[in-house]
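Structure, as structure tokens:
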Amino acid sequence: MKIFKIAALSAVFAAQFALAQFKQTPLPYAYNALEGNIDAQTMEIHYSKHAAAYVANFNKAIAGTPQEKQTLFQILSKAGTLPMAVRNNAGGHYNHELFWTVLTPEKNTQPSAKLAKAINDTFGSMEAFKEKMAKAGADRFGSGWAWLSVDKNGKLFVSSTPNQDNPLMDVVEEKGTPIFGIDVWEHAYYLKYQNKRADYLTAIWNVTNWKEISRRYDEALSKK
Ligand SMILES: [Fe+2]
């Protein structure tokens, strides 16, 4: 009887595991690695609770549907035709997976010469770009994201999306491949910054991973 129970439980576990198509990648640094700019408690709750819930709910929302066998990019590209639970949680999963990688405890990472030139050519200067990005984040009413993306012509642009939408989705006005994103949901900053979202948007530049953003820039251009 006991053996049957174990076998049955194993089968249930295996079935659940098999359905868990999408997974979080491990955080590439410790929860406290960005302390001073993003506190350890915020990082821990953000990664292990909020982002974990997005991927769990995403897997639940696509279980038994054709999306279960599709890539995240395929799903995002037609998010507007899918149930809200898929759109919100697929976006939540993609956005957070990107977010962890574009932050780093490494000090003073620099954009590649190619990306630095594109930023200067597009926005006038690095400072002007940062101001535009901060404004996109500050002006987002409620929850959402500020993005730096590459459009279909290989041009950089800054945009903002509500909730967990992103520039890869069919539902957004300004479409492209995001190479940098700032989470402006209160869960990303409230414990340390409370209502001062602008201070969080200033501090983020101290932990921005320009190496990864440059890598994503090259990757986005190579797909054009
Ligand atoms: Fe978040």
Output yes when any residue across region 170-191 is in contact with a His (Cβ under 7 Å, 6 or more places away or on another chain) and either under 22 Å from PHE58 (Cα atoms) or aliphatic (A, V, I, L, M) (or both), and no when none is.
yes
Under the condition of being open to solvent by 30 Å² or more (accessible area, probe 1.4 Å) and outside any loop (DSSP other than H, G, I, E, B), which residue from region 26-46 is nearest to GLY92 (Cα to Cα)?
ILE45
Does at least one position in region 121-136 carry a residue that is among the small types (Gly, Ala, Ser) and within 30 Å of ILE75 (Cα to Cα)?
yes
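This table checks each residue for (1) among the polar types (S, T, N, Q); (2) within 14 Å of the chain's Cα centre (by Cα).
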site	(1), (2)
PHE22	no, no
THR25	yes, yes
TYR31	no, no
ILE38	no, no
GLU44	no, no
ALA51	no, yes
TYR54	no, yes
PHE58	no, no
LYS69	no, no
Report yes if VAL207 is crowded, with 19+ Cβ neighbours inside 10 Å and closer than 18 Å to HIS96 by Cβ, otherwise no.
yes
Do we have ALA90 as closer than 22 Å to SER143 by Cα, of a type outside the set (Lys, Arg), within 16 Å of the ligand (Cβ to nearest atom) and out of contact with any strand residue (DSSP E or B) (no Cβ under 8 Å at 6 or more places or on another chain) here?
yes
Residues in region 54-86 that are within 16 Å of the ligand (Cβ to nearest atom) and open to solvent by 40 Å² or more (accessible area, probe 1.4 Å): how many?
2
ALA113 meets each of (1) closer than 20 Å to GLY154 by Cβ; (2) at pLDDT below 95 with one exception, condition (2)
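The values are calculated or read from the model by the stated rules, or taken from the named source; none is laboratory data. Just so you know, these numbers come straight off a predicted model, no measurement behind them. Cβ sites come from the backbone with ideal geometry, for glycine too, and all protein chains shown count toward neighbours. Just so you know, the surface numbers come from the protein's heavy atoms only, side chains and all, with ligands and any DNA or RNA stripped out. Shrake-Rupley method; radii C 1.70, N 1.55, O 1.52, S 1.80 Å.
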